[in-house]
């Protein structure tokens, strides 16, 4: 006897359709799973056997072969348990599924038959919708996550027994009702499911989706709380307007960390398409259960500790999972005290900063994760932190060799990829700092600049000025002769790279967008140049 059901697994952050084929034949009772399963899937045999018996069904005493197709794709995880159990029950004639339903089945089984949640459900349900499935059968704990995908019916299960509707309280069941005979008798007939209406069901229309979405949490951090530092706030607003990478350099106590942690408050919220991307990444990483129900509407802000490993930052594992750069997709990756990170860990950032994606290759496959993020970082000018402070009680005690070794922890190619390199001086007399702009005021300017860029790049694959490169950069950004001359003289004097030249041009365009001017002026280029302070040897 042969049967087939459909399940899914994760490949990177995308879902992949898996056919769960079962074959029952005469021979010594044994069960084998083929199709490149990992140890968790091979152990599913015992979980499924116990769950089927504890729910009153009969585990087939035959030679059982379970194939997970395509056979050349490595599978992992426990999300196939429920599909394997239902496939065995349907193939052995104990359960008949609704013939009009094309159902994707996901879930992990406990020994008593209860259904446990699995990660990556959002991507797999999205795959089911695109593949033309009419419904998804999955754990009840994953229903809220699955219902974010519109246009497909979601049926939640808490226990394998819930597949059998309870008709004991029905005084006069009609012929169309689902028939059920308890297992354990010789004349037991199959459980025939006409539909899944007895299960927890959610047809994902727009009304239900809006009810499931939660607003981003209120932030109590605001730039109006930061006294002074107007020059740094201007740089942060430019970084947010064009999604440029930024570094703040300054002695301890100047507010570097405080300033960067308020950066999400001036970024616009995620669009619906971006929110779905971000939520998919969290779902694939198994972290969506820690988030509020609904799509993630606030841009991610990730701040890993400096002891993080390269695979923790970039992603990895036997079957790779998203790292911090992917969890910061469409948001901010904040590396505080940048020189304290291991150099080999920082070097892995060079490729995703350019390509905005991470590709991790293994012997059997290559996995690609999105990594379109803004890098924000901070550092001290020297190990003791007081190199640029002239106060008598805060003199620098570092030798030139020690300062050089400290800065050498960050390679030149990585620094070259950081657009804005800003000194954060001591705030001085905060009473004379004047009125500080609020995050709302700064966000309005950033949103306006984003709208200008969206209109400019409407028919192109880029969205922000920081994404411009190559020929498209030359065709899009035009400098007046005076600005061109200023930029060329700066490059020759400071021996800057062509990458630095391109980044100055992109920053100048962002400054022009913030000033509501379509054409770059010489003043915009001059302001962009001053933000390359490490190139200027200011420190």
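Laboratory data are not the source of any read-out in this text; all were calculated from the coordinates shown. Not measured: the values here are computed from a predicted model. A quick note on method: Cβ atoms are made from the backbone with ideal geometry, for glycine too, and the neighbour counts reach across all protein chains shown.
Descriptive notes on the structure:
- Computed over the chain, the per-residue total of -39500 (n - 2.57) for DSSP H runs of n ≥ 4 gives a 222 nm mean residue ellipticity of -9000 deg cm²/dmol, rounded to 500.
- Scattering curve values for the chain, log₁₀ I(q)/I(0), Debye with Cα scatterers, q = 0.06, 0.07, 0.11 Å⁻¹: -0.40, -0.52, -0.97
- Under 16 Å from the residue 53 label point (7 Å along Cα→beta-carbon), backbone N, segment 107-138: 110-114
- In nm, spacing of pseudo-spin labels at residue 131 and residue 475 (7 Å Cα→C-beta vector): 3.9
- log10 of Debye I(q)/I(0), alpha-carbon scatterers only, for segment 1-114 at 0.12, 0.13, 0.16, 0.24 Å⁻¹: -0.38, -0.44, -0.68, -1.55
- Alpha-carbon radius of gyration plus Dmax, which is the widest Cα pair, for segment 1-43 in Å: 12.8, 41
- The angle between the Cα long axis of helix 272-284 and the main principal axis of the chain comes to about 70°, on a 0 to 90 degree scale.
- Dividing the convex hull volume of the alpha carbon atoms of segment 223-530 by its residue count gives 163 Å³ per residue.
- Gain upon complete extension [residue 399, residue 501; 0.36 nm per residue less C-alpha separation]: 33.5 nm
- Semi-axis lengths, Å, segment 298-355, gyration tensor of Cα atoms, sqrt of 5 times eigenvalues: 16, 15, 11
- Sorting 337-350, 375-388 by average packing, meaning the other beta carbons within 10 Å per residue, from highest down gives 375-388, 337-350.
- Shown here is the pair-distance distribution of segment 476-539: with all Cα-Cα distances grouped in 10 Å bins from zero up to the longest one, the shares run 23, 58, 18, 1 percent.
- Each peptide in 111-119, 279-287 was scored by the mean count of other Cβ atoms within 10 Å over its residues; highest first, the order is 279-287, 111-119.
- The chain: angle of helix 498-514 to the longest principal axis, Cα-based, in degrees nearest 10: 90
- The separation of segment 43-80 from segment 316-360, counted between C-alpha centres, amounts to 37 Å.
- Sorting the segments 322-331, 268-277, 497-506, 413-422 by their residues' average number of neighbouring beta-carbon atoms within 10 angstrom, most packed first, yields 322-331, 413-422, 497-506, 268-277.
- For segment 85-127 and segment 260-287, distance of Cα centres in Å: 30
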